[in-house]
Number of protein chains: 2
Amino acid sequence: MKNQRIIPIRKNFRRFLSLPMALLPVLMLASCTANQEEDTKPNIVVIFCDDLGYGDLGTFGHPTIRTPNLDQMAEEGQKWTNFYVGASVCTPSRAALITGRLPIRNGMNGNRRVLFPNSIGGLQDSEITIAEAVKEVGYATACVGKWHLGHLPEYLPTNHGFDSYFGIPYSNDMDRVKGDLKDPEYLSFNVPLMRNEEIIERPAVQTTITKRYTEESIQFIKENKDQAFFLYLAHNLPHIPLFTSEEFVDTSIRGLYGDVIEEIDWSVGQIIKTLRSEGLAENTMVVFTSDNGPWLVFEQDGGSAGLLRDGKGTTWEGGMREPTIFWWPEKIQPGVITDMGATMDIFPTVCKLTGAEFPSDRIMDGVDLTQTLLDEKPSPRNTIFYYRGREIYAVRSGMYKAHFITENVYTKDHIRTEHETPLLFHLGHDPSEKYNIAEDHPDVIAEIMIVMEQHKAKLVIPDSQLDRKK
Amino acid sequence: MKNQRIIPIRKNFRRFLSLPMALLPVLMLASCTANQEEDTKPNIVVIFCDDLGYGDLGTFGHPTIRTPNLDQMAEEGQKWTNFYVGASVCTPSRAALITGRLPIRNGMNGNRRVLFPNSIGGLQDSEITIAEAVKEVGYATACVGKWHLGHLPEYLPTNHGFDSYFGIPYSNDMDRVKGDLKDPEYLSFNVPLMRNEEIIERPAVQTTITKRYTEESIQFIKENKDQAFFLYLAHNLPHIPLFTSEEFVDTSIRGLYGDVIEEIDWSVGQIIKTLRSEGLAENTMVVFTSDNGPWLVFEQDGGSAGLLRDGKGTTWEGGMREPTIFWWPEKIQPGVITDMGATMDIFPTVCKLTGAEFPSDRIMDGVDLTQTLLDEKPSPRNTIFYYRGREIYAVRSGMYKAHFITENVYTKDHIRTEHETPLLFHLGHDPSEKYNIAEDHPDVIAEIMIVMEQHKAKLVIPDSQLDRKK
């Protein structure tokens, strides 16, 4: 399947059934080969967590959270250690994944960092989503889990290319009724659970929510096993407040946060097991990542960015680099990828793999990663823009990252600093961003500034959707 | 090989050769089975690094240091995430590994933290080493690499149970002739290279030293393939000053420190490859770990403890918890072990596996880990004493760790603090030791103090060997 071009003609299953039985073994072999190499579009499963830290999985170095399913997925697939999100908070990060574009291009960032229950904005109809793109080439599509790109009907997944939706429309700590964020009692959060465009449960019972997302996903996979599908499973955990189903209470030596991650790991195992048992594993790419780094202010209820600096809400590495795994048996070359990738790259990569049309009428920020996934070639991505709200705080170009603005967020000593001379770090030598080397490399800073200015020159910035409220 | 008792009778190879050829296939099978399950003692290889951080391997979460051989070893074997050393600096840590005892019991710690070229002390003849124990049951033994348990003839490996020795007697930054620690020019360090008790090169050419240790180790394995052997390969890197052989210059995107780790990873790969090609893999246990955490004051020339706090010289987790892997195909149950273990446990574990006698005339601090390695049972270790010099700074009992004294070392603002109320951390919930929970758990502190007092009551403390100098 190297250098594949997917031919958009699907096997005619009925015609196959009408053939003489004696020919079946030979034909099954032929069909199977054709199926794998020419005719069958691969299924795509994107598993997206919420506030998962870079260091929270076993294979990414956590000593006490046990993630055997994700560890195995990483061994069998590609573990990406320099994989980024489009923003360090929820809404803009999800917009980047779903549209393959920086949120600055479509109004999905603002002074308000995310969408709230009183927001009236959301992802515009003019945007093209991954789901819409693959739907055009015959994919069944489902969104399961947290959406957070607008809760009003016109913004919901079913109006953005998904055949079905089952999940919560924004964060699990919203619609607060009583108590504070540290109160684990779920009635404090009156967040609704929706099926398509209807609220079916309110408040969403969060203790069983990971399990129900998993069951919904498995059902979707089984129902669509004879048809190409795209599943977007966006867990609303480990975002606080933390919940697990009964089977995972007090199972992790990391405490409640560990219980939650271990239930997500179980869920990943169930998805993989289903793909295998349905004979779909060799024709399905699974991507696992998260929307942004750990929410450190919640202390032991928040995750860990491992050796990366800081977490959610910031433009330090801990805020925007996520533990990422690509899995596709016999197609993706197993290994550790230290090249750069980003959630925005999933869109063009999926287009390449599925034969879907990659939008050409607008600036897209994603790059196709198939050459790295399938052919062991370098990643074509060389740059990351670290936005906070509508401003660029930092730019990575190759191994160097320049911080123009830094801000410590969610803390009492909230300070925003504009750096006259940017801070400069070599992320290869110094992944923890400890040693500012700006003084020694004015040339590098100058080059990064050119990269930034070129980016800015092409920006057409629409109004913020996030700042619109009742 | 579960619950094995090794029978100390070795196959008679000459008798085997004199049998009629027709019987060979049957006998080879029988012999092979007997070989594996009854008659053959397993070979033991202990690979010990110097100043390697908990977070410096791919499988322990480093994003840019590539360690494919160690990652694979961890996948095939057991990755221990709560594995400790006997002290957070070189000499006492090595004494603990080699004797299975806390250094406080044999004078291998002191006000001077390690042995220096002007020291006249060392590991006493009255101590029993792993090498001596396995030698008694017929093992060939070799020490390759850094010793640092005394450089005077009576203290050298060849007088402590090793048939041969090839390496440097103390740290690679000692015998400084000119320049400072940050000078990578190797002539600054007039450290000798020894074979057995003779100096064969001075200064030791450090650029090729990892390669030469590897070649020496491979030669030892090949020469002893028909005979049980114990190899102690103690790399003197990544202790500063850092060196690599030509092939590894500028190969790592982590820079020089990464080059060094990647050469050690290559070395591990060569050892494993040799064991496989010589048909010894299924009969050899390989242990990989290090003497203490990263020397953080050397910034990018030092390693990373990942999400663990602080590094070398301290009694925080980053100083004394090391990335540890046990490998033994078809014997050791693959998995991640979050239970506690310690380098001191290697001695009793090796005794159990080899049939060697475990010293019973003295207090030993190691516990036998074979039930965890071979039978998936919990580790019998429940306690860690964190000594700095001759004082207990901290004690871990189960998940709780109490700090009685803390000290930030190797820094300008060197401060030693005796805590009237100990600091208390839950290392499961809070592996980074961020959230002191002493106030809520006076009962836990009281219990830990009992554990410490019981330990102290049995101590008979000899004079320090480290404080003896010319």
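The values are calculated or read from the model by the stated rules, or taken from the named source; none is laboratory data. Just so it is clear, the model here is predicted, and its values are computed rather than measured. Here the Cβ is made from the backbone with ideal geometry for all residues, glycine too, and neighbour counts use every protein chain on show.
Test each condition in (1) touching a strand residue (DSSP E or B) at 6+ places or on another chain (Cβ under 8 Å); (2) within 26 Å of A:Glu317 (Cα to Cα); (3) surrounded by 24 or more Cβ atoms within 10 Å (Cβ to Cβ) for B:Ser304 and report the one that comes out false.
(1)
What are the residues in the stretch B:312-340 that are within 23 Å of A:Glu299 (Cβ to Cβ) and within 13 Å of chain A (Cβ to nearest Cβ), if any?
B:Glu317, B:Gly318, B:Arg321, B:Thr338
Of the residues that make up the stretch B:210-227, is at least one assigned by TED's automatic domain parsing to the domain that holds B:Ser126, touching a Pro at 6+ places or on another chain (Cβ under 9 Å) and surrounded by 24 or more Cβ atoms within 10 Å (Cβ to Cβ)? Spell out how you get there, then give the answer.
Keep residues of the stretch B:210-227 that are assigned by TED's automatic domain parsing to the domain that holds B:Ser126, which gives B:210-227.
Okay, now just the ones that are also touching a Pro at 6+ places or on another chain (Cβ under 9 Å), so none.
Within the stretch B:210-227 (the criterion being assigned by TED's automatic domain parsing to the domain that holds B:Ser126, touching a Pro at 6+ places or on another chain (Cβ under 9 Å) and surrounded by 24 or more Cβ atoms within 10 Å (Cβ to Cβ)), the answer is no, since none of the residues qualifies.
Taking the criterion of being touching a helix residue (DSSP H, G or I) at 6+ places or on another chain (Cβ under 9 Å), under 29 Å from B:Ser432 (Cα atoms) and either of a type in the set (Gly, Ala, Ser) or modelled with pLDDT under 95 (or both), would at least one residue in the stretch B:355-373 satisfy it?
Yes.
Look through the stretch B:58-84, keep the residues that are part of a loop (DSSP other than H, G, I, E, B) and either over 18 Å from the mean Cα position of the chain (by Cα) or of a type in the set (Val, Ile, Thr) (or both), and return whichever of them is surrounded by the fewest Cβ atoms within 10 Å (Cβ to Cβ).
B:Thr64
Report whether or not B:Ile271 is touching a strand residue (DSSP E or B) at 6+ places or on another chain (Cβ under 7 Å), hydrophobic (A, V, I, L, M, F, W, C), at pLDDT 95 or above and outside any helix (DSSP H, G or I). Full working, then the answer.
Numbers: touching a strand residue (DSSP E or B) at 6+ places or on another chain (Cβ under 7 Å): yes; hydrophobic (A, V, I, L, M, F, W, C): yes; at pLDDT 95 or above: yes; outside any helix (DSSP H, G or I): no.
Spelling it out, it is not the case that B:Ile271 is touching a strand residue (DSSP E or B) at 6+ places or on another chain (Cβ under 7 Å), hydrophobic (A, V, I, L, M, F, W, C), at pLDDT 95 or above and outside any helix (DSSP H, G or I).
Among the residues of the stretch A:261-269, are any more than 23 Å from A:Ala74 (Cβ to Cβ), assigned by TED's automatic domain parsing to the domain that holds A:Phe60 and either in contact (Cβ under 8 Å) with a residue 12 or more places away in the chain or of a type in the set (Phe, Trp, Tyr) (or both)? Working first, answer last.
As a first pass, look at the stretch A:261-269 and keep what is more than 23 Å from A:Ala74 (Cβ to Cβ): none.
No: the stretch A:261-269 contains no residue that is more than 23 Å from A:Ala74 (Cβ to Cβ), assigned by TED's automatic domain parsing to the domain that holds A:Phe60 and either in contact (Cβ under 8 Å) with a residue 12 or more places away in the chain or of a type in the set (Phe, Trp, Tyr) (or both).
Considering each of B:Thr141, B:Thr251 in turn, give the residue that is β-branched (Val, Ile, Thr) and within 22 Å of the chain's Cα centre (by Cα).
B:Thr141
Please report, ordered by residue number, the strands (runs of 3 or more DSSP E) entirely within the stretch B:98-201 with at least 3 residues that are in contact (Cβ under 8 Å) with a residue 60 or more places away in the chain, over 21 Å from B:Gly389 (Cα atoms) and hydrophobic (A, V, I, L, M, F, W, C). Write out each step before concluding.
Details: elements: B:140-145, B:164-167, B:193-195, B:198-201.
Passing ranges, in order: B:140-145.
I'd like to verify a number: residues in the stretch A:320-351 that are in contact (Cβ under 8 Å) with a residue 60 or more places away in the chain, in a helix (DSSP H, G or I) and not aromatic (Phe, Trp, Tyr), how many?
Of the residues in the stretch A:320-351, 8 are in contact (Cβ under 8 Å) with a residue 60 or more places away in the chain, in a helix (DSSP H, G or I) and not aromatic (Phe, Trp, Tyr).
Please indicate, with yes or no, whether at least one residue in the stretch A:352-361 is more than 14 Å from chain B (Cβ to nearest Cβ), touching an Asp or Glu at 6+ places or on another chain (Cβ under 6 Å) and assigned to a helix (DSSP H, G or I).
Yes: one or more hits.
Would you confirm, using the coordinates I've provided, whether B:Ser432 is outside any helix (DSSP H, G or I), farther than 21 Å from B:Leu97 by Cβ, at pLDDT 95 or above and not β-branched (Val, Ile, Thr)?
yes
If I ask for residues that are buried (at least 17 other Cβ atoms within 10 Å of the Cβ) and β-branched (Val, Ile, Thr), which ones from the stretch A:367-415 would you list?
Across the stretch A:367-415, the qualifying residues are A:Val367, A:Thr370, A:Thr372, A:Thr383, A:Ile384, A:Ile392, A:Val395, A:Ile405, A:Thr406, A:Val409.
If we keep just the residues of the stretch B:274-301 that are within 14 Å of chain A (Cβ to nearest Cβ) and part of a helix (DSSP H, G or I), which is surrounded by the fewest Cβ atoms within 10 Å (Cβ to Cβ)?
B:Glu299
Exactly one condition in (1) modelled with pLDDT of 95 or more; (2) assigned to a loop (DSSP other than H, G, I, E, B); (3) within 29 Å of the chain's Cα centre (by Cα) is not met by B:Thr411; state its number.
(1)
Rundown of residues vs (1) in contact with a helix residue (DSSP H, G or I) (Cβ under 6 Å, 6 or more places away or on another chain); (2) within 14 Å of chain A (Cβ to nearest Cβ), yes/no style:
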| position | (1), (2) |
| --- | --- |
| B:Lys211 | no, no |
| B:Asn236 | no, no |
| B:Leu242 | yes, yes |
| B:Gly258 | no, yes |
| B:Asp265 | yes, yes |
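What tally of residues in the stretch A:318-337 results from selecting those that are of a type in the set (Asp, Glu) and out of contact with any Asp or Glu (no Cβ under 6 Å at 6 or more places or on another chain)? Spell out how you get there, then give the answer.
Within the stretch A:318-337, the subset of a type in the set (Asp, Glu) is A:322, A:330.
Then drop every residue that is not out of contact with any Asp or Glu (no Cβ under 6 Å at 6 or more places or on another chain), which leaves A:322.
So the answer is 1.
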